[in-house]
Amino acid sequence: MSSPLLEAIDIRRQYNVRTAGGVFGRKAVLQAVAGVSFRIDMGRTLGLVGESGCGKSTTGKLALGLIPPSSGEIRFVGSTLPAIGSAAWRDMRRRMQMVYQDPLGSLDRRLQVGPQIAEPLIIHDIGTPAERRERAYATMASVGLQKHHFERYPHELSGGQRQRVVLARALITEPKLIVCDEPISALDVSIQAQVVNLLLDLQDRLGLTYLFISHDLKVVRQVSHDVAVMYLGRIVETGQAEALFRAPAHPYTRALVSAIPSLGEKRERLILSGDPPNPVDVPAGCAFHPRCPFAIARCRSEAPALRRQPDGRAVACHRADDDAIALAA
Ligand SMILES: Nc1ncnc2c1ncn2[C@@H]1O[C@H](COP(=O)(O)OP(=O)(O)OP(=O)(O)O)[C@@H](O)[C@H]1O
Ligand code: SF4
Ligand SMILES: [Mg+2]
């Protein structure tokens, strides 16, 4: 069995917020991540999907130790993440990087891109200026950028080139893990495939491990070995990507997959009505019940646990074994 690079053990993250109503709004607690566990083995990709606001980015930030969990634990190569800001944390951060959606927003418009790519080496006190420049050139080459791009400013590059710069900056410290948070969503469709292929190629060459966050299920299917589906701060289904897309077991996953006809096998479209409920006022029982066409009385009072199925995936649904919605059918 391969070893886990990253493990999340029942992580939670809550925020104190004020509900609508201005000064009359009441104070409330929002559970952005409400008890999430997963593991990613070395060299593998876990795709994290779900509607806007379900907690994907918060999970990504918790995984990298950019924000502390309210409870639970993150382990990286078997060790609990050190306290944020400590020397041990800074050292570990070299091994874990994040790539965000908006390459322009991740870069400083006033600086040439070369020094920005090399900057993490300065932060981590690695090499001489000449060595840093050489390493920047080598990393740029590995993501398909040329030497002459070093002196360019972000606005002088194409969207695809900018995302390559962001990747080079993430790669220069030779990380093991990269959290990709919607890495292609802001790119033109024509260059999305290039960046996806580059990510796959880098994984092959460098043995990288990815937590890949996206609401583009087609891309998630293309890049992920395993997938976790989130709904209102919880994982409702997780398993091997091919099996999950071929025969989604949770009604929410079914709805997501069936909305994209080219995914999975031909099956009746399951329309998902309404928006997700307010995360400060999560419905009792199964949080999905107000939108679920298969809800029964038990779903309104009892929250389903994430239970392992015989085929290895885990599903949080009281009716996961129910023939009426058996998805392999
Ligand atoms: N700093 C914060 N303070 C208060 N609430 C927050 C904060 N950060 C996130 N949230 C809330 O936590 C929930 C999860 O947010 P998160 O950014 O993780 O969602 P997401 O799944 O990444 O959504 P998207 O697909 O839109 O990027 C949302 O309801 C969001 O409003
Ligand atoms: S537990 Fe009930 S409401 Fe929730 S997904 Fe399953 S059938 Fe639907
Ligand atoms: Mg997000």
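Values in this text are rule-based calculations from the coordinates and carry no lab data. Quick caveat, the model's predicted, so the values are computed rather than measured. Here the Cβ positions follow ideal geometry from the backbone for every residue, glycine too, while neighbour counts run over all protein chains shown.
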*So how long is each side of region 113-203 along the principal axes, counting just the alpha-carbon atoms, biggest first, in Å?*
39, 29, 18
*Size of region 181-313 along its principal axes in angstrom, Cα-based, largest extent first?*
50, 33, 33
*May I ask for the angle, rounded to the nearest 10°, between helix 189-206 and the longest principal axis of the chain, with both axes built from Cα atoms and the value confined to 0 to 90°?*
80
_Taking the 0 to 90 degree range and rounding to the nearest ten, how far is the long axis of helix 129-142 tilted relative to the main principal axis of the chain, both from C-alpha atoms?_
50
*Direction-averaged shadow area of the convex hull around the Cα atoms of region 1-74, nm²?*
5.8
*Would you pull out the residues with amide H under 5 Å of R94's amide H, same chain only if 5 or more places away, H placed 1.01 Å from N?*
none
*Kirkwood hydrodynamic radius (C-alpha pairs) into Stokes-Einstein, region 42-95, 10 °C and 1.306 mPa s, D in µm²/s*: 128
*To the nearest 500 deg cm²/dmol, what mean residue ellipticity at 222 nm is calculated for the chain from DSSP H runs of n ≥ 4 alone, each contributing -39,500 (n - 2.57), summed and divided by the residues?*
-8500 deg cm²/dmol
*asked:* Sort 54-64, 138-148, 34-44 by the packing proxy (mean of other Cβ within 10 Å over each peptide's residues), most packed first.
replied: 54-64, 34-44, 138-148
*Distance cut-off 39 Å, percentage of C-alpha pairs in the chain lying past it*: 17
_Percentage, to the nearest whole number, of Cα pairs in region 1-138 over 18 Å apart_ = 67
_Can you compute the charge dipole magnitude of the chain about its Cα centre, using +1 on each Lys and Arg Cβ and -1 on each Asp and Glu Cβ, nothing else charged? Give it in debye, rounded to the nearest 20._
460
_Suppose every Lys and Arg Cβ carries +1 and every Asp and Glu Cβ carries -1, with no other charges. What dipole size does region 1-109 come out with about its Cα centre, to the nearest 20 debye?_
260
*Over the Cα atoms of region 158-242, what Rg and Dmax result, in angstrom?*
13.3, 38
